[in-house]
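The values are calculated or read from the model by the stated rules, or taken from the named source; none is laboratory data. Keep in mind that what you see is a predicted model, and the values were worked out from it rather than measured. Positions of Cβ are backbone-derived with ideal geometry, glycine not excepted, and every protein chain shown enters the neighbour counts.
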Ligand code: BMP
């Protein structure tokens, strides 16, 4: 018999990291494994969207540096309020990829002061294990493999990256398009129910495909939801499909 995946409850028991525990607790409470990617260029759109999909998601993933009108008071304060109101985590998809000292500066200074508000941050591991020591008081979601066509994250890269990911205490999980060991939470983007690509290299699979084939813990959906005519209804559809696929795989 094929080995079944671990439940979120079982993962909660084996995980050490406080942000890993948090996202698993939210998943169990909301019966959701959905992360919405909110790739908006205005604060108003970002906040509206967060309020609408907030009840259905475990985390809201941002690219805070694409906002035309970022303002710490006008953007981050209301965003934090919405995260508290609807109980979701804030995940900043910064994809750090530098030496430790530079990442430390990028994490806490400059316009966005990510360390002040992000619960989870994404980072490449290309700078080596020590470069990740700077990310304290947040959970790192490390980039193991990318969803885009022609990515350089080949099997050799992923094998070496996984050694770092498995051994770094600040890491809660990774972004990948393949199975990973049970103690690392798996976040999979490139999820869309309507299309197989975007003409710019992005490659899509269904929630069911990634959850059944990769044992994905959290699906990350961007345009599939925020470009829909009714984003809330679409968020519910991805949430339901994602949860059903998870239950079927247990
Ligand atoms: P969409 O569903 O609209 O293609 O958006 C996917 C989101 O996930 C984008 O914000 C993108 O930056 C991110 N992402 C990805 O698509 N593939 C990866 O391998 C890693 C990512 O962070």
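Can you work out which of the residues in segment 224-243 that are in contact (Cβ under 8 Å) with a residue 12 or more places away in the chain and over 18 Å from residue 196 (Cα atoms) is farthest from the ligand (Cβ to nearest atom)?
So the first thing to find is which residues in segment 224-243 are in contact (Cβ under 8 Å) with a residue 12 or more places away in the chain, and the list is 224-226, 231-232, 235-239, 241-243.
Restricting the remaining residues to those that are over 18 Å from residue 196 (Cα atoms) gives 231-232, 235-236, 239, 243.
On the way: 231: 12, 232: 17, 235: 13, 236: 17, 239: 15, 243: 19 Å.
Applying the filter and picking the extreme gives 243.
To keep it simple, each residue is scored yes or no on (1) under 21 Å from residue 215 (Cα atoms); (2) in contact with a helix residue (DSSP H, G or I) (Cβ under 9 Å, 6 or more places away or on another chain).
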{"position": "74", "(1), (2)": "no, yes"}
{"position": "108", "(1), (2)": "no, yes"}
{"position": "148", "(1), (2)": "yes, no"}
{"position": "163", "(1), (2)": "yes, yes"}
{"position": "170", "(1), (2)": "no, yes"}
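Scan segment 170-179 for residues that are more than 10 Å from the chain's Cα centre (by Cα), farther than 21 Å from residue 223 by Cβ and buried (at least 22 other Cβ atoms within 10 Å of the Cβ) and report the count.
Step one: filter segment 170-179 for residues more than 10 Å from the chain's Cα centre (by Cα), giving 170-172, 176-179.
If we keep only those that are farther than 21 Å from residue 223 by Cβ as well, we get 170-172, 178-179.
Now drop any that are not buried (at least 22 other Cβ atoms within 10 Å of the Cβ), which leaves 171-172.
Qualifying residue count for the region: 2.
For segment 226-242, name all the residues that are in a helix (DSSP H, G or I) and out of contact with any strand residue (DSSP E or B) (no Cβ under 8 Å at 6 or more places or on another chain). Walk me through how you get there before you give the answer.
First, pick out the residues of segment 226-242 that are in a helix (DSSP H, G or I): 226, 231-242.
231, 232, 233, 234, 236, 237, 240, 241 - these are the residues of segment 226-242 that are in a helix (DSSP H, G or I) and out of contact with any strand residue (DSSP E or B) (no Cβ under 8 Å at 6 or more places or on another chain).
Yes or no: residue 97 more than 15 Å from residue 218 (Cβ to Cβ) and in contact with a strand residue (DSSP E or B) (Cβ under 6 Å, 6 or more places away or on another chain)?
Details: more than 15 Å from residue 218 (Cβ to Cβ): yes; in contact with a strand residue (DSSP E or B) (Cβ under 6 Å, 6 or more places away or on another chain): yes.
Criteria met by residue 97.
Out of all the residues in segment 169-177, is one or more more than 14 Å from the ligand (Cβ to nearest atom), under 24 Å from residue 38 (Cα atoms) and out of contact with any strand residue (DSSP E or B) (no Cβ under 9 Å at 6 or more places or on another chain)? Quick ask: steps written out before the conclusion?
Within segment 169-177, the subset more than 14 Å from the ligand (Cβ to nearest atom) is 169-172.
Among the residues that remain, those that are also under 24 Å from residue 38 (Cα atoms) are: 171-172.
Now drop any that are not out of contact with any strand residue (DSSP E or B) (no Cβ under 9 Å at 6 or more places or on another chain), which leaves none.
No - not one qualifying residue is present in segment 169-177.
Give the residue that is nearest to the ligand (Cβ to nearest atom), with candidates limited to residues of segment 185-209 that are assigned to a helix (DSSP H, G or I) and farther than 22 Å from residue 122 by Cα. I'd like the intermediate steps shown before the answer.
So the first thing to find is which residues in segment 185-209 are assigned to a helix (DSSP H, G or I), and the list is 207-209.
Okay, now just the ones that are also farther than 22 Å from residue 122 by Cα, so 208-209.
Details: 208: 16, 209: 14 Å.
Residue satisfying both the conditions and the ranking: 209.
Of (1) touching a residue at least 12 places away in the same chain (Cβ under 8 Å); (2) within 16 Å of the ligand (Cβ to nearest atom); (3) more than 20 Å from the chain's Cα centre (by Cα), residue 154 satisfies all except one. Which?
(1)
Of the numbered conditions (1) closer than 16 Å to residue 32 by Cβ; (2) touching a residue at least 12 places away in the same chain (Cβ under 8 Å); (3) assigned to a helix (DSSP H, G or I), residue 212 satisfies every one except a single condition; which is it?
For residue 212, the failing item is (1).
Give the residues of segment 2-23 that are touching a residue at least 60 places away in the same chain (Cβ under 8 Å) and over 16 Å from residue 245 (Cα atoms), sorted by residue number.
Of all residues in segment 2-23, those touching a residue at least 60 places away in the same chain (Cβ under 8 Å) come to 4-8, 11, 14-20, 22-23.
Hits for segment 2-23 are 11, 14, 15, 16, 17, 18, 19, 20, 22, 23.
So which helices (runs of 4 or more DSSP H) are wholly in segment 38-145 and hold at least 1 residues that are over 29 Å from residue 180 (Cβ atoms), away from the ligand (no atom under 14 Å from the Cβ) and touching a residue at least 60 places away in the same chain (Cβ under 8 Å)? Show your work before the answer.
On the way: elements: 43-53, 77-86, 100-108.
Fully inside segment 38-145 and qualifying: 43-53.
Scan segment 215-222 and give yes if some residue there is surrounded by 15 or more Cβ atoms within 10 Å (Cβ to Cβ), over 28 Å from residue 11 (Cβ atoms), under 16 Å from the mean Cα position of the chain (by Cα) and at pLDDT 95 or above, otherwise no. Full working, then the answer.
Start the filter on segment 215-222 by keeping residues that are surrounded by 15 or more Cβ atoms within 10 Å (Cβ to Cβ), which leaves 215-222.
From the residues that got through so far, the ones that are over 28 Å from residue 11 (Cβ atoms) too are none.
Within segment 215-222 (the criterion being surrounded by 15 or more Cβ atoms within 10 Å (Cβ to Cβ), over 28 Å from residue 11 (Cβ atoms), under 16 Å from the mean Cα position of the chain (by Cα) and at pLDDT 95 or above), the answer is no, since none of the residues qualifies.
Look at segment 51-69 and say how many of its residues are touching a helix residue (DSSP H, G or I) at 6+ places or on another chain (Cβ under 8 Å) and over 19 Å from residue 138 (Cβ atoms).
Of segment 51-69, the ones touching a helix residue (DSSP H, G or I) at 6+ places or on another chain (Cβ under 8 Å) are 51-60, 62, 64, 67, 69.
Next cut, over 19 Å from residue 138 (Cβ atoms) only: 51-56, 67, 69.
Counting residues in segment 51-69 that are touching a helix residue (DSSP H, G or I) at 6+ places or on another chain (Cβ under 8 Å) and over 19 Å from residue 138 (Cβ atoms) gives 8.
At positive phi, out of contact with any strand residue (DSSP E or B) (no Cβ under 7 Å at 6 or more places or on another chain) and modelled with pLDDT of 95 or more: is that true of residue 48 in this structure?
Working: at positive phi: no; out of contact with any strand residue (DSSP E or B) (no Cβ under 7 Å at 6 or more places or on another chain): yes; modelled with pLDDT of 95 or more: yes.
Answer is no for this residue.
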